[in-house]
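Contents: one structure, followed by commentary.
The values are calculated or read from the model by the stated rules, or taken from the named source; none is laboratory data. Predicted model only: the values in this text are computed from it and were never measured. Here the Cβ positions follow ideal geometry from the backbone for every residue, glycine too, while neighbour counts run over all protein chains shown. Only protein heavy atoms, including side chains, enter the accessible area calculation; ligands, DNA and RNA are left aside. Shrake-Rupley method; radii C 1.70, N 1.55, O 1.52, S 1.80 Å.
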Amino acid sequence: MNKPKLLVQSALYLIVCELAAFVIVMFFPMAYQSIGVGMSIVFGICSTGACVCLYGDFAHKAGRKAGVKDARLEGVDNSYFGFIMGLIPTGINYIFVILVYLSKFGVVSYDFYPWYKTLTFYFMPWTYLFAPNTMVDGVSTTMAAVDLPWYGLLIMTILPLTFLATCYIAFYVGYKNYDMKAKIVYGK
């Protein structure tokens, strides 16, 4: 198992998630204006679900390969490497969250919240639950980081853990060679 290569791939998968979420979220503003908050939940589940599927597939395949290689070697157990793989995208997302916190509390004078929404398209629909864009003179504007409510910061803090949980669980399931299809479909 080439661990450094897997860690780089784990970081690069964020770009793939960003692109997948962009395609999903492209129609979100139109649906949000006509239907409302319900679309935040629907699009949030879809865009975050796309990331879970992409990272889950990547981590599961890596875990399966690692499990086969480690089965040949006696005493080697890399079943928890998915946790380390998940730390990469989670850590990158927490950099964005920390910058929003710094903007919120005035440590940094620059408002990083609009950049947060752009850099994390996969979480953007969830941000509309606590800070929707508003129309000013026909232009959509984002709420300032200073005005973000505490529960919005809490949601932004919890969301990146999705990557950590997905990578860990998918890698572990692949590594241990559990047949989830049989367990779910056939109850075995």
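Identify all residues within region 139-174 that are of a type in the set (S, T, N, Q) and open to solvent by 30 Å² or more (accessible area, probe 1.4 Å); write none if there are none.
So the first thing to find is which residues in region 139-174 are of a type in the set (S, T, N, Q), and the list is 140-142, 157, 162, 166.
Passing the criteria: Ser140, Thr141, Thr142, Thr157, Thr162.
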Regarding region 60-69, can at least one residue be identified that is in contact with a Phe, Trp or Tyr (Cβ under 7 Å, 6 or more places away or on another chain), open to solvent by 60 Å² or more (accessible area, probe 1.4 Å), assigned to a helix (DSSP H, G or I) and of a type outside the set (D, E, K, R)? no
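Please state which one of Gln9, Gln33 is under 17 Å from Gly82 (Cβ atoms) and not in a loop (DSSP other than H, G, I, E, B).
Details: Gln33 fails: under 17 Å from Gly82 (Cβ atoms).
So the residue among Gln9, Gln33 that is under 17 Å from Gly82 (Cβ atoms) and not in a loop (DSSP other than H, G, I, E, B) is Gln9.
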Determine whether Tyr122 is at pLDDT 95 or above and either closer than 20 Å to Leu148 by Cβ or in contact with a Cys (Cβ under 7 Å, 6 or more places away or on another chain) (or both). no
One residue from Gly38, Gly86, Gly75, Gly49 being in contact with a helix residue (DSSP H, G or I) (Cβ under 7 Å, 6 or more places away or on another chain) and either of a type outside the set (Phe, Trp, Tyr) or open to solvent by 70 Å² or more (accessible area, probe 1.4 Å) (or both): Gly86
Go through region 104-150 and give me each residue that's among the charged types (D, E, K, R) and in contact (Cβ under 8 Å) with a residue 12 or more places away in the chain. Lys104, Asp111, Lys117, Asp147
